[in-house]
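Worksheet: one structure, shown below.
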Amino acid sequence: MAKDKFEMFQVLDENGKIVNKDEMPDLSDDELQDLMYRMVYTRILDQRAVSLGRQGRLGFYAPVAGQEASMIGSHYALDKEDWIAPGYRDIPQLIWHGYPLWQSYLFSKGHFKGGQIPEGLNALVPQIIIGAQVVQTAGVALGLKKKKKDQIVITYTGDGGASQGDFYEGMNFAGAFEVPAVFVVQNNQYAISVPQDKQTAADTIAQKAVAAGIEGVQVDGMDALAVYAATKKARKDALDGKPTLIETVCYRYGPHSLSGDDPTRYRSSEEDGEWEKQDPLVRLRTYLEGKDLWSEEKENEIVEQAKADVKAAMKEAENTPRQKVSDLIEIMGNELPNNLQEQLEEYRAKESN
């Protein structure tokens, strides 16, 4: 499959200039400001999470800086009633969908309360198994179709996830049963340390949609307007039983996770520098400033608000009672089998001493 059949879709270039007027999304000035607000807020959440992780106050955390346009741009195109099936890096989309910030910190810590999705929030717990959320998405989407719901399911994985069997199985099922699903692969260039050209011989990830008989599109993942426009169209098509695979070409500025990964061992400073020129926040900021819709003062207010929210959420998370082994056994089912009931009583006795 020739790469030119999947040309990268772009609306806003790295200089903040509109290069595709025909595809400019129909967003009001207030919506454009809100989109930028969410991206700035997310960048601060990420910076604070990295800092908290290095202080030993969080558990597992996967940095998101550089992927804000991909994450927030796609989520902004959704309806509140749509479902999200996230991977472990996709906490920002969950938060903007209604997942409390303090719970996201408990999820990072491995606390069971972090995985208790609030009632009424249409989302699955972030998936740790690479690519498993793609199969889950196909199943949830089939359920929505059978119930004739006016909702879609969107899922996210990285370029590494596109090398998993679950990725192909989920898309194949979605295509065969014409379910309302959108599959987003955030191609941040590396599956931990393995570059894309070592993962697949395909020129693009988008073209992998062909085998599933669904639409595939490659989008500039550093361009929030392009990601929004592509996802908006994909959502509309999904409601008509036409799933879409969206590849967002982006870059993670930080390590794969805070669990020992050192990106300087497999990425050059020159490569980092080239991608920093495409920073999604700088790009959208430049565009909005040109329309007199953004200012340094406005951004500083958002930064301070995000820092205050992080402080309050972290306090709530750290004030949550530490989980006990008995807690984990208790929530394994409504009715525990005899062996687990015995273990529950054993651990309750130990914990009471």
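The values are calculated or read from the model by the stated rules, or taken from the named source; none is laboratory data. This structure is a prediction, so every number in the text was calculated from the model and none was measured. Don't worry about glycine lacking a Cβ; one is built from the backbone with ideal geometry, like all the others, and counts go over all protein chains shown.
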Going through the stretch 298-318 one residue at a time, which ones are exposed (fewer than 13 other Cβ atoms within 10 Å of the Cβ) and among the hydrophobic types (A, V, I, L, M, F, W, C)? A308, A312
Tally time: how many residues in the stretch 332-353 are within 27 Å of R57 (Cβ to Cβ) and surrounded by 14 or more Cβ atoms within 10 Å (Cβ to Cβ)? 1
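Which ones in the stretch 24-34 are over 24 Å from the mean Cα position of the chain (by Cα) and touching a residue at least 60 places away in the same chain (Cβ under 8 Å)?
Of all residues in the stretch 24-34, those over 24 Å from the mean Cα position of the chain (by Cα) come to 28-29.
Matches in the stretch 24-34: D29 only.
Got a number for residues in the stretch 103-120 being in a loop (DSSP other than H, G, I, E, B), without any contact (Cβ under 8 Å) to a residue 24 or more places away in the chain and within 20 Å of I329 (Cα to Cα)?
Keep residues of the stretch 103-120 that are in a loop (DSSP other than H, G, I, E, B), which gives 110-111, 116-120.
Among the residues that remain, those that are also without any contact (Cβ under 8 Å) to a residue 24 or more places away in the chain are: 116-120.
Next cut, within 20 Å of I329 (Cα to Cα) only: 116-117.
Selection size over the stretch 103-120: 2.
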List every residue pair whose Cβ atoms sit under 7 Å apart, with the two residues 6 or more apart in sequence or on different chains, where the first one lies in the stretch 185-199 and is assigned to a helix (DSSP H, G or I) and the second, anywhere, is hydrophobic (A, V, I, L, M, F, W, C). Q199/A191
Quick check on the stretch 1-58: of everything there that is basic (K, R) and part of a helix (DSSP H, G or I), which residue is surrounded by the most Cβ atoms within 10 Å (Cβ to Cβ)? R43
So is Y61 under 17 Å from W294 (Cβ atoms), in the same structural domain as I91 (by TED's automatic domain parsing) and among the aromatic types (F, W, Y) or not? no
Considering residues of the stretch 91-102 that are in contact with a strand residue (DSSP E or B) (Cβ under 8 Å, 6 or more places away or on another chain) and part of a helix (DSSP H, G or I) only, the residue nearest to K80 (Cα to Cα): H97
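Okay, residues lined up against (1) of a type outside the set (D, E, K, R); (2) assigned by TED's automatic domain parsing to the domain that holds P25; (3) surrounded by fewer than 24 Cβ atoms within 10 Å (Cβ to Cβ):
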{"residue": "S74", "(1), (2), (3)": "yes, yes, no"}
{"residue": "L78", "(1), (2), (3)": "yes, yes, yes"}
{"residue": "D82", "(1), (2), (3)": "no, yes, yes"}
{"residue": "L101", "(1), (2), (3)": "yes, yes, yes"}
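For the stretch 141-169, what are the residues that are under 11 Å from P180 (Cα atoms) and assigned to a loop (DSSP other than H, G, I, E, B)?
Residues satisfying the conditions are K148, K149, D150, Q151, I152.
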Evaluate the stretch 208-231: report whether one residue or more is surrounded by 23 or more Cβ atoms within 10 Å (Cβ to Cβ), at pLDDT 95 or above and polar (S, T, N, Q). yes
How about the stretch 125-167: which of its residues are of a type in the set (S, T, Y) and surrounded by 23 or more Cβ atoms within 10 Å (Cβ to Cβ)? T137, T155, Y156, T157
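Kindly check whether there is at least one residue in the stretch 323-336 that is without any contact (Cβ under 8 Å) to a residue 24 or more places away in the chain, part of a helix (DSSP H, G or I) and outside the structural domain of R48 (by TED's automatic domain parsing).
yes
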Only residues in the stretch 225-251 that are outside the structural domain of I84 (by TED's automatic domain parsing) count as the first member; pair them with residues that are of a type outside the set (F, W, Y) and crowded, with 24+ Cβ neighbours inside 10 Å, Cβ under 9 angstrom, at least 6 apart or cross-chain, and list the lot. none
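From the list A174, A181, A201, pick out the single residue that is surrounded by fewer than 21 Cβ atoms within 10 Å (Cβ to Cβ) and not charged (D, E, K, R).
Values: A174 fails: surrounded by fewer than 21 Cβ atoms within 10 Å (Cβ to Cβ); A181 fails: surrounded by fewer than 21 Cβ atoms within 10 Å (Cβ to Cβ).
Of the residues listed, the single one that is surrounded by fewer than 21 Cβ atoms within 10 Å (Cβ to Cβ) and not charged (D, E, K, R) is A201.
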